[in-house]
1. For residue 139, which lysines qualify as cross-link partners when the Cα separation must be under 22 Å and same-chain residues fewer than eight apart are set aside?
2. What distance in nm separates the two pseudo spin-label positions at residue 190 and residue 99, each 7 Å out from Cα along the beta-carbon direction?
3. Treat each spin label as a single point 7 Å out from the Cα along the C-beta direction, and report the residue 9 to residue 265 distance in nm.
4. With everything on Cα atoms, drop me the angle between helix 117-127 and the longest principal axis of the chain, reported from 0 to 90° to the nearest 10.
5. Between residue 126 and residue 277, what is the label-point separation in nm under the 7 Å Cα-to-beta-carbon projection?
6. Taking the 0 to 90 degree range and rounding to the nearest ten, how far is the long axis of helix 130-140 tilted relative to the main principal axis of the chain, both from C-alpha atoms?
7. Counting each DSSP H run of 4 or more residues in the chain as -39500 (n - 2.57), what helix-only mean residue ellipticity at 222 nm follows after dividing by all residues, to the nearest 500 deg cm²/dmol?
8. What is the order of 62, 87, fewest Cβ neighbours within 10 Å to most?
Amino acid sequence: MYGIRTREQLLAAGVAASTIDDRCRRGVYTRVLPRVYCVDRLTTLARCAAVVAWMPTATLSHRTAAWLRQMADEPDVVEATIPRHAHRATPDWLRLYRRDLPPAASDEAWGLPITSRAVTLLDCVAVLPELAAGQLVDKCLGGLVPPEEVLELGRCGAHGSPVLRRQLREAACKAASEPERLFARAMARTRIKLAPNHPVGPYVCDFVHTRSRTIVEIDGREFHSDHDVFRRDRRRQNWLLLHRWLVLRYAAADVFNDMDHCVDEVVAVIRNRRRKS
């Protein structure tokens, strides 16, 4: 598979041991792992297949499984999970995690054993920097990874589930843009829930807090540069104000550069209007 052959397979095919060694010296074969060779072009998929050929009990996991599931970009390092009792020295391009996976935590893709969707997401959250972990959760949750599978994994007490539960609380899967995604996550940390892309009358607003009748809009570059957009937005804002909605507007640049100020102001306004409602 993917140009990977074990020494036993090559010998069984009639290739002499001396020929295998000679072809490795001449660069015809690439020795990928002990007694495992690539007889074709060495790719990331070939490395993955080599790991499984070397350790049949291995399951591709973490960022490698995410890549195979089209959840993430191609990784620089192949990651796999092996049984807790197993011990193997690894080259620089391979990282092994020792733990015992239940049968339900394993799946298959590209003809290779990989972790399930929920386990893959959990593993990535555990090893990625916080910002990258949040981006992956927001991209995959509800689409590539059903939330119920992740919640079930957390209920089973899987390692790292407290981190994943926090990511689920802060998830911003419905954000229309990167500044909206970051703002939604920052607001989730305040425990004030805003409905994203929520209809109000004939309009759909970026964020809505119904009880306090507060709307938050994140304005991108087109708000300032397109005259037709600006005119439509004026009519829209007038309608909302006439129907007793308070509209708070923030430029995307302010969200990126001064998030704390934006969030603190929105929280203060909502709490004040909620007390008066």
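No lab work stands behind these numbers, since they all come straight from the coordinates. Source: prediction; values computed, not measured. Cβ placement follows ideal geometry from the backbone for every residue including glycine, while neighbour counts extend to all protein chains displayed.
1. In chain and number order, the partners are 174, 193.
2. Between residue 190 and residue 99, the simple spin-label model gives 3.5 nm.
3. 6.2 nm
4. That helix lies at roughly 80 degrees to the long axis.
5. Each label point lies 7 Å from its Cα, and together they span 4.0 nm.
6. Approximately 90 degrees, to the nearest 10.
7. So the calculated ellipticity at 222 nm is -14000 deg cm²/dmol.
8. Ordered from fewest to most neighbouring Cβ atoms within 10 Å, 62, 87 come out as 87, 62.
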